[in-house]
Amino acid sequence: MTRAVTSKGSGRKDQPDQRSEHARGPGIPFWQGLIRIKELSILLVTIAAGIYFSVTSVGFNSAENYQTIAQYLAPWAIIAAGQVMLLICAEIDLSAGFVFTLAPFILILFYNNGLPLFLALVGAVLMCTGIGVINGLIRTWLNIPSFITTLGMAFLLQGISLIISNGSPVSAPTDSWVVDVFGGSQWSELIWALVIVAVMQTILSATRFGVYTKATGGNLVGAAESGIRTKRVKIINFAVISTFAGFAGILQGIRVGSFDPTNGGFNTMFFAVAAAVIGGTTLLGGSGTVVGALLGALLLGIVYDGFNLTGVSANAFNVVLGIAILVAMTLNVYMTVLRKRISSPRRSV
Amino acid sequence: MTEQNGIQDVVRAEHVSKSFGPVNALEDINLSVRKGEVLGLIGDNGAGKSTLIKILTGFHQPDEGRLLFEGEPIELRSVTHARSLGIETVFQDLAMVNDLPVYLNLHLNAELVHKPLPFLRRREMKRRAREALDSIGIDIPSVTAEVGQLSGGQRQAIAVARSVYAEAKLLLLDEPLAAMGAKEGGLILRLLSELKERGDIAIILIAHNYSQVVDVCDRVNLLQHGKITFDKRSKDTSVAELLELVHAEYRLSDVP
Ligand SMILES: Nc1ncnc2c1ncn2[C@@H]1O[C@H](COP(=O)(O)OP(=O)(O)OP(=O)(O)O)[C@@H](O)[C@H]1O
Ligand SMILES: [Mg+2]
């Protein structure tokens, strides 16, 4: 009907299918395609860091050390997997680190009251889900900014952890298949982290819920006008991160063999945020990837471990972490501009 | 649903009122639009046009009054509910997500998924997006481009394509031409005329360009301070009369 107007692009118009499926279009060089992969820069930095420490520190390339790195990164990656979703919603959860702290003590509570270990674990994780739902409800129905909501929740949970533990660690249960599966056996923490990252990345990039999450953070009003239930999307994502944080806390407690009320906290939470940010998630909402956060956690883990091996103090690590976050943020913004410039459509109107 | 001889109203609002706190955005609104009819809704900024559209599309619920859809009283619970009945909307702010590509915006909250595993059918959505855009004739370079990279007019075209392609019974267009160049605006107007001629859809169009309104609409309603103060067929009115009506108000209110 209105063909006359579209005839400008007639060469392409004849083959609409090809045009839409090969969206990158013909004639775009390979390296430009690579720049579009958001995670590439962080991956390169991670590899570089790995090579650097392989060369400078003797014990870096050993199965034992890989395991140490895995132990660092697993909790960060698991919490970050939830935090990325929430950051994409343009929200943040500052309480995740204290859910991490509290979860093992809820487990012990259930366990000491006669529940089998597995059910105690499930119950504890579900309680954490409930904490997330409460965060989400306060955020959406009372309209309190998530920063405030979850800050309050963080201190509340810290207090509860200290009270029910009397401020001292308890030893974790042993001698059960549950222990082996959930943190006890060698790589189980890492495997759980990889599974969670894979599942969340799939949900984010391949399901309607992923689209809703991006839409909610990218344009809250527009998403609502499209009929997306934005409050529900946010509540679910608050619930997801709390669930993961609690689960990660239990995994770590079981691996270490003791539940410690001074574990986790803001430190763990901010490492997860750092992993997300280094991995390319902005705090503005609308975009980010879980895989990026995993790479961010891996980078943090490698650097942390490398510094330990080479005898550099934890203080220096914080300097590096700070620089890494700033560089990652700057790079992220700059790469986005670059990527858009390269892929920007030739304006024909 | 039976054939309605083209006479029945697709949607009718009866005594609809809506307030936001102290602001009476709409007061006792009566409005209707028939199959095959294009109703123009004009009025100053803040008159309540968008609020009325948002009530008709289930985004707001009226404080008082009721809606009838195809003759039946109905309470629109949500935008999704309205959509399921065949009510499609181009919102004034377009409801676009800049971080998502064109094809996902075109399917926002109507994504196609596989069964039984509910993964997005990206390829099919891209194909349909291309088809929808081509059918309107607006040139969008790529359906995989992020919407944030497009111009204001292109974004509007996508929003229009999204609502038109959904095969609506009632199409609500809140200033769909605002950011469009003459050529694209003309295309959209032509599209509306085509839809009108097809005769199976009712359209409400909000626009500030009165000559466009008189051109494409069958009937014009004027909304002033939340009330409909004027309802005439386009052929019985003129741009001059509409301008006169709108300006008259200010001449009056200028008097101390
Ligand atoms: N969500 C809301 N909360 C509070 N007040 C609102 C809301 N939506 C609209 N209003 C008020 O209702 C009145 C009508 O607004 P509306 O957006 O319907 O006007 P409009 O006719 O579409 O104007 P424009 O031509 O500028 O788009 C205005 O006074 C506006 O401030
Ligand atoms: Mg408006």
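The values are calculated or read from the model by the stated rules, or taken from the named source; none is laboratory data. Owing to the predicted nature of the structure, the values given are computational and were not obtained by experimental measurement. Positions of Cβ are generated from backbone atoms using ideal geometry, with glycine treated the same way; all protein chains shown enter the neighbour counts. We work out accessible area using only protein heavy atoms, side chains counted, and drop any ligands, DNA or RNA first. Shrake-Rupley method; radii C 1.70, N 1.55, O 1.52, S 1.80 Å.
Kindly provide the set of residues from region B:140-197 that are within 16 Å of ligand 1 (Cβ to nearest atom) and surrounded by fewer than 18 Cβ atoms within 10 Å (Cβ to Cβ), ordered by number.
B:G152, B:A178, B:A179
Out of the residues in region A:225-239 meeting the condition of being open to solvent by 30 Å² or more (accessible area, probe 1.4 Å) and without any contact (Cβ under 8 Å) to a residue 24 or more places away in the chain, tell me which one is nearest to A:L151 (Cα to Cα).
Once the filter is applied, the top-ranked residue is A:R232.
Which condition does B:I74 not pass, out of (1) more than 14 Å from every other protein chain (Cβ to nearest Cβ); (2) open to solvent by less than 40 Å² (accessible area, probe 1.4 Å), if it passes all the others?
So the condition that B:I74 fails would be (2).
Assuming B:F230 fulfils every condition listed in (1) within 16 Å of ligand 2 (Cβ to nearest atom); (2) part of a strand (DSSP E or B) apart from one, which condition is it?
So B:F230 meets the others, but not (1).
So, in region B:25-60, how many residues would count as being more than 16 Å from ligand 2 (Cβ to nearest atom) and more than 14 Å from every other protein chain (Cβ to nearest Cβ)?
Total meeting the criteria: 10.
Tell me yes or no: at least one residue of region B:44-52 is more than 13 Å from ligand 1 (Cβ to nearest atom), free of Cβ contacts under 8 Å to residues at least 60 places away in the same chain and open to solvent by 20 Å² or more (accessible area, probe 1.4 Å).
no
Starting from residues that are facing chain A (nearest Cβ under 8 Å) and either away from ligand 2 (no atom under 16 Å from the Cβ) or within 21 Å of B:L222 (Cα to Cα) (or both), keep the ones in region B:83-95 and report whichever is surrounded by the fewest Cβ atoms within 10 Å (Cβ to Cβ). Steps first, answer last, please.
Taking region B:83-95 as the starting set, the residues that turn out to be facing chain A (nearest Cβ under 8 Å) are B:83, B:89, B:91, B:93-95.
Pick out the ones that are also either away from ligand 2 (no atom under 16 Å from the Cβ) or within 21 Å of B:L222 (Cα to Cα) (or both) and you get B:83, B:89, B:91.
On the way: B:R83: 21, B:T89: 29, B:F91: 24.
So the residue we want is B:R83.
Tell me, please, whether a residue that is open to solvent by 10 Å² or more (accessible area, probe 1.4 Å) and within 22 Å of A:A224 (Cα to Cα) can be found in region B:9-16.
no
Restricting to region A:240-253, what's the tally of residues that are open to solvent by 10 Å² or more (accessible area, probe 1.4 Å) and of a type in the set (A, V, I, L, M)?
1
Could you run through region A:36-72 and say how many residues are aliphatic (A, V, I, L, M), surrounded by 14 or more Cβ atoms within 10 Å (Cβ to Cβ) and not in a helix (DSSP H, G or I)?
0
Under the condition of being more than 14 Å from chain A (Cβ to nearest Cβ) and hydroxyl-bearing (S, T, Y), which residue from region B:180-227 is nearest to ligand 2 (Cβ to nearest atom)?
It comes out as B:Y210.
Among the residues of region B:107-118, are any touching a residue at least 40 places away in the same chain (Cβ under 8 Å), open to solvent by less than 10 Å² (accessible area, probe 1.4 Å) and under 13 Å from the mean Cα position of the chain (by Cα)?
Among the residues of region B:107-118, not one is touching a residue at least 40 places away in the same chain (Cβ under 8 Å), open to solvent by less than 10 Å² (accessible area, probe 1.4 Å) and under 13 Å from the mean Cα position of the chain (by Cα), which makes the answer no.
Return yes or no: is B:R123 at the interface with another protein chain (Cβ under 7 Å from one of its Cβ atoms), charged (D, E, K, R) and open to solvent by less than 10 Å² (accessible area, probe 1.4 Å)?
No; evaluated as a whole, the condition is false for this residue.
Is region B:161-175 home to any residue that is more than 16 Å from ligand 2 (Cβ to nearest atom), in contact with a strand residue (DSSP E or B) (Cβ under 9 Å, 6 or more places away or on another chain) and farther than 25 Å from B:V113 by Cβ?
Yes: one or more hits.
Quick one: which residue in A:A297, A:A316 is without any contact (Cβ under 8 Å) to a residue 24 or more places away in the chain and more than 17 Å from A:E91 (Cα to Cα)?
From the options A:A297, A:A316, the qualifying one is A:A316.
Hey, can you tell me all the residues within region B:96-106 that are open to solvent by less than 20 Å² (accessible area, probe 1.4 Å) and facing chain A (nearest Cβ under 7 Å)?
If the condition is that a residue be open to solvent by less than 20 Å² (accessible area, probe 1.4 Å) and facing chain A (nearest Cβ under 7 Å), then B:M96, B:V97, B:L100, B:L104 are the ones that fit.
Could you tell me which residue of region B:139-155 is nearest to the other protein chains (Cβ to nearest Cβ), considering only residues that are farther than 17 Å from B:A179 by Cβ and either assigned to a helix (DSSP H, G or I) or touching a residue at least 12 places away in the same chain (Cβ under 8 Å) (or both)?
Taking the candidates together, the pick is B:T144.
Of everything in region B:17-43, what is open to solvent by less than 40 Å² (accessible area, probe 1.4 Å) and within 16 Å of ligand 1 (Cβ to nearest atom)? Give them in sequence order.
B:S17, B:K18, B:A25, B:L26, B:I29, B:L31, B:L39, B:G40, B:L41, B:I42, B:G43, listed by residue number.
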